[in-house]
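Before any comments, here is the structure.
Read-outs throughout are calculated quantities, based only on the coordinates presented, and are distinct from any laboratory measurement. Since this is a predicted model, take the numbers as computed values, not measurements.
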Amino acid sequence: MTIGGIPLAGFLTAMLAAGLVAAAPLVLAALGEAVGERSGLLNLGIEGMMLSGAFFGFTAAYLTGSAVWGVLAGIAAGSLLGTLFAVLTVSLRVDQVLVGLAITIFGAGLTAFLYRDVFGGQNPSLSLDTSRIAIPGLSQIPIIGDAMFNQSLLFYIAFALVPVFAFVLARTRFGLQVRAVGAYPFAADAAGVNVTRIRYQAALIAGAMAGVAGAFLSVADLKIFQIGMTVGTGFIALALTMVGGWNPYRILLAAILFGLLRSLGNGLQIIGVNVRTEFITMLPYIGIMVALALLAGKTSLPAALGVPYARGRR
């Protein structure tokens, strides 16, 4: 069976693969943001952290010829900005929204300046061996096998981290402390939890995850860097975190649905469906807005989200 002259199975496999690859960086960034927000930190700087991770990851991979160094550089860049966010919002108690927006603007400006300075107006691409790893047996499943089980290592890591984060947040002492700090910081402090330390750790995790999400884009997926290449992906991850109710499994589902909607536009063009590209491009974002509107009255925000904490003050 064919559709638009293309075998249906091959078309569905390509669509599913494109959607899952698009979802992977969103999952990475949103998982880190979930930890940050559960601790009471609203990080609007996730976009700048992703962009910095993409640039420094690409640059490191380009200079060393190693995807591993690229990913590590992306993590380092995101972690540094996450630490900066924590210093300003936790220690100095600067408004979290202003700091986040400043970091996003800073990340966009810094990466644009350095990209022009380092590469001199050229547009290099990576020639790295990031070959796919086919999982025996599973990769032979019709349609979903090649899309889900014949991907890069970083792709597998992104989705494998979902149950890890779910377990950490729900079943570990650290997860309990994160949730307590985000909901009742004064009570957590009275119980002996170091609120500052927990929020610093949460900000560091959020920054590192945003950085590796950026590195996924430039090193594992596209193998290029372009100025402003995240094009709002960080803000989408932020929205998906709230749509998913800070639950890693719901975040995964929301990210996959968003990725599939993004791949829909390319798929319809390939099979020759006469639909305006602009309309198709809008669909994922319309879906996010509809989901946020429907869940607005059902989503319970962490009580201390966005609220600075000073010991001894109420």
Subject >> the range 105-184 - percent relative contact order, Cα under 8 Å, separation 6 or more >> reply: 16 percent
**OP:** Report the extension gain between residue 224 and residue 119 in nm, rounded to one decimal, defined as 0.36 nm multiplied by the number of residues separating them, less their alpha carbon distance.
**Re:** 36.6 nm
Subject >> Other-chain or far-sequence residues with amide H under 5 Å of residue 304's (modelled H) >> reply: 183
**OP:** Can you give me the span-like helices of the chain, meaning DSSP H runs with 24 Å or more of Cα extent along the axis and Kyte-Doolittle mean at or above -1.0?
**Re:** 8-38, 46-64, 67-86, 96-119, 153-171, 195-215, 248-270, 277-295
**OP:** Find the relative contact order for the chain and round it to a whole percent, using C-alpha pairs within less than 8 Å whose residues are 6+ positions apart.
**Re:** 37 percent
